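Below is one structure, written out as structure tokens, with a few remarks after it.
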Amino acid sequence: MSLAPDAHLLIIGAGLAGYYTARQMRTQGHTGPITVLGAEAHPAYDRPALSKAYLCGTTDLCDLYLDDPADPLDVRWVRSDAVVGLSTEPLGVRTASGTFYLGDAVVIATGAEARRLGGHAIRCVEDAAALRAAPLAGARVAVIGGGFLALETAATCTTRGAGSVTVIAGEELPGLRRLGQPVAQALHRLHEQHGVRFLGAARALSVTPAGHAEHPEHAEHPGSPEHVITLSDGRRIEADVVISAVGAVPATAWLTRSALALDPETQAVLTDDTGFTGIPGIWAAGDCALWAAQRTGLRPVGHWQETVDQAQALASAMLGGVPSPMQEPYLWSDQHHVTIQAAGMLALADEVQVLAGSIEAGDLLVSYLREGTEIGILGMNRLREVVRWRRARRIRPAALAA
Ligand SMILES: Cc1cc2nc3c(=O)[nH]c(=O)nc-3n(C[C@H](O)[C@H](O)[C@H](O)COP(=O)(O)OP(=O)(O)OC[C@H]3O[C@@H](n4cnc5c(N)ncnc54)[C@H](O)[C@@H]3O)c2cc1C
């Protein structure tokens, strides 16, 4: 049933999904009141720059605000008041301050929280500000994680003048499992050219304050480090600054006692492919949610474009409009002046082919195939080619959606 034009919509979480859901609801004609309840003290802001320009010190928080001062959203923003409980009868939410908000519909958009192994993590602006303020120049930096966030952060630390940057990616080459051999080799080479060192397949088991390490004599570096990282192969790595970029968990702890179905593995809110949870009036989008197509691997999880596309699809479903087809999945990352863009369903590929460029030059254009059919593309500084590919494939082939 579609939302009445004067219905009061509660959006929980003032991040990307919350902001774009509100924006899409207005764009698609909803005239009723919208209240966006956020745990953070800041206006809604964009996160990708936190590991890039913000960490570098070339962008400030106010540059990241999502709302357009020239066309501000007509919504009520409530800040610094985390939602702590969901009620289905009557429909509404309770916040940490004890306030109960009644609504005709609720969109859950609480995002995710960084997994923290130790040292710094980067999920919110406070995390990034703490790392930005850390004395990185000349420091021995260790980055735990092999995903784009880890690699971006490693790249930024080299720009900030770190004495050494070591990445503990947990696989022989960064991104090998997800992106395939050629891209993983190219990423490895790109980072090594900028002085980043990788530690192979070893995984980080723990991060301890240096004074507490059991065998400091085995440490790789001299000096007085802040931390010791113990690896799965027994090595101990000393570091002045440790950054963990080892994934995020959906911010749904406040929902564990609710009627909503949560994914047993990730605790994400389970929905269909419009964001509907199955409970009348309750929807979910962004990093806190797992849409049906994400469960089957057809769509990626935890990316900017996916969140924005979900907000659009969810708004049209709530308003009873014709759902526009979701675009091909898309993500990007910036590392050492190389923009990496990937589109399509890379996770489903069984073959990777290099179309152009070379590992040495770091300008690869790579095709991802499944049973001989191209289902994805990745380019390193190949903006034009990736844009063209995306334009040509606005709608996902029906055969793969089945
Ligand atoms: C450092 C960083 C770099 C990134 N770089 C890229 C990139 O280069 N490319 C890319 O494609 N993607 C990138 N991403 C991913 C992208 O930013 C996320 O997918 C996107 O932010 C998800 O939006 P969201 O609204 O679901 O979650 P968030 O943006 O995390 O917003 C959720 C909001 O909900 C609030 N909240 C949580 N719990 C509650 C509660 N109980 N009550 C009220 N409010 C609550 C949070 O405080 C937060 O403000 C990056 C993410 C990070 C963290």
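Odds and ends about this structure:
- Student exercise, region 94-166 dipole from Lys, Arg, Asp, Glu Cβ charges, in Debye to nearest 20: 260 debye
- Considering only Ala49, Thr88, Leu348, the residue lying farthest towards the positive end of the dipole of the chain is Leu348, judged by Cα position with unit charges set on Cβ.
- Distance in nm between pseudo-label sites at Thr256 and Thr59 (7 Å out along the Cβ direction from Cα): 3.5 nm
- Rounded tilt (10° steps) of 16-27 against the dominant C-alpha axis of the chain: 30 degrees
- The chain - charge dipole about Cα centre, Lys and Arg +1 at Cβ, Asp and Glu -1, debye rounded to 20: 360 debye
- Dipole of the chain [Lys/Arg +1, Asp/Glu -1 at C-beta], most positive-end residue of Ile243, Leu187, Thr158: Leu187
- Solvent exposure of the chain as accessible area per residue, Å², 1.4 Å probe: 43 Å²
- Gain in span if fully extended, Met1 to Arg391, counting 0.36 nm per residue against the direct Cα distance: 137.1 nm
- The charge dipole of region 125-244, taken about the Cα centre with unit charges on the Cβ atoms of Lys, Arg (+1) and Asp, Glu (-1), comes to about 340 debye, rounded to the nearest 20.
- Carbon plus sulfur fraction of accessible area for the chain, probe 1.4 Å, in percent: 52 percent
- Three-way shape call for region 50-117 based on the alpha-carbon gyration tensor, with the a/c threshold at 1.5: oblate
- Ordering Ser316, Ile359, Thr266 by Cα displacement along the dipole of region 260-402 toward the positive end leaves Ser316 in first place; charges were set at the Cβ atoms of Lys, Arg (+1) and Asp, Glu (-1).
- On Cα atoms only, tilt of 383-392 relative to the major axis of the chain in degrees: 40 degrees
- Estimated distance in nm for a label pair at Arg79 and Arg203, the labels positioned 7 Å out from Cα along Cα-to-Cβ: 4.0 nm
- Share, in percent, of DSSP beta bridges within the chain that are antiparallel, nearest 5: 60 percent
- Nearest-ten-degree value, helix 304-318 long axis tilted from longest Cα axis of the chain: 10 degrees
The values are calculated or read from the model by the stated rules, or taken from the named source; none is laboratory data. From a predicted model like this one, the values you see are computed outputs, not experimental measurements. When we count neighbours, we look across all protein chains shown, and the Cβ atoms used for this are built from the backbone with ideal geometry, even at glycine. To get the accessible areas, we keep the full protein, side chains included, count just its heavy atoms, and leave off ligands, DNA and RNA. Shrake-Rupley method; radii C 1.70, N 1.55, O 1.52, S 1.80 Å.
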